[in-house]
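Chemist: First the structure, which I've put down as structure tokens, then a few questions once you've had a look.
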Amino acid sequence: MAEPSTLRRLTRAGAALLLLAAAAGVWQWVDSQRPVDAASQSAFDQQMLLTTEQLQEQLTNDIDGRQLALEKERAESETGLGLYGLCTTWAEFYTNHPSESSLANRDRACSEYRRYVNTGELPQNDVDDVDGASESGQPETP
């Protein structure tokens, strides 16, 4: 029969071999989870790129949709309709009474409308309005 110290050495050696075999098994499993070759890695990278591009496109569409909804809401608001009315009034006035001042007032009124619809920025009420505008912003008919 083997001595107790020899049995301990054999038991330790067996345990070490068992631990080494378990570690090798875990490593093999981890290694099998990665792409096997460059083609697999490339396919994985392409799929990730496609997914990223799809997410970016969806985000862009969501942002564009929200922007369009805000613009529609502003255009249909009381302020938007009022600014649109000024723009069309000045456009008609310029058509009927072309002059530099009516052109400048038309351009200013229509720019203010577009800026409000696009950004929500309210126009500044300048005291020094362009010639030809009443305090309400409406053209004064000659």
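The values are calculated or read from the model by the stated rules, or taken from the named source; none is laboratory data. The structure presented is a predicted model; accordingly, all values stated were derived computationally and were not measured. Because the Cβ atoms are built from the backbone with ideal geometry, glycine has one as well, and the counts that use them run over all protein chains shown.
Chemist: Please go through the range 95-114 and pick out each residue that is assigned to a helix (DSSP H, G or I) and either among the aliphatic types (A, V, I, L, M) or farther than 21 Å from ASN125 by Cα (or both).
Modeler: Answer for the range 95-114, where residues must be assigned to a helix (DSSP H, G or I) and either among the aliphatic types (A, V, I, L, M) or farther than 21 Å from ASN125 by Cα (or both): THR95, ASN96, LEU103, ALA104, ALA109.
Chemist: Being part of a helix (DSSP H, G or I) and surrounded by 14 or more Cβ atoms within 10 Å (Cβ to Cβ) is the filter here, so list the residues in the range 56-81 that pass it.
Modeler: Listed by number, the residues that qualify are LEU70, GLU71, ARG74, ALA75, THR79, GLY80.
Chemist: Also: Among the residues in the range 33-55, are any surrounded by 10 or more Cβ atoms within 10 Å (Cβ to Cβ), in contact with a helix residue (DSSP H, G or I) (Cβ under 6 Å, 6 or more places away or on another chain) and at pLDDT 90 or above?
Modeler: For the range 33-55, residues surrounded by 10 or more Cβ atoms within 10 Å (Cβ to Cβ), in contact with a helix residue (DSSP H, G or I) (Cβ under 6 Å, 6 or more places away or on another chain) and at pLDDT 90 or above: absent.
Chemist: Restricting the range 100-129 to residues that are polar (S, T, N, Q) and farther than 21 Å from GLU73 by Cβ, which is modelled with the lowest pLDDT?
Modeler: Out of the qualifying residues, it is ASN125.
Chemist: Let me ask you something else. Considering only the range 92-129, state which residues are among the aliphatic types (A, V, I, L, M), surrounded by fewer than 16 Cβ atoms within 10 Å (Cβ to Cβ) and either under 36 Å from the mean Cα position of the chain (by Cα) or under 29 Å from ASP64 (Cβ atoms) (or both).
Modeler: Within the range 92-129, just LEU122 meets the criteria.
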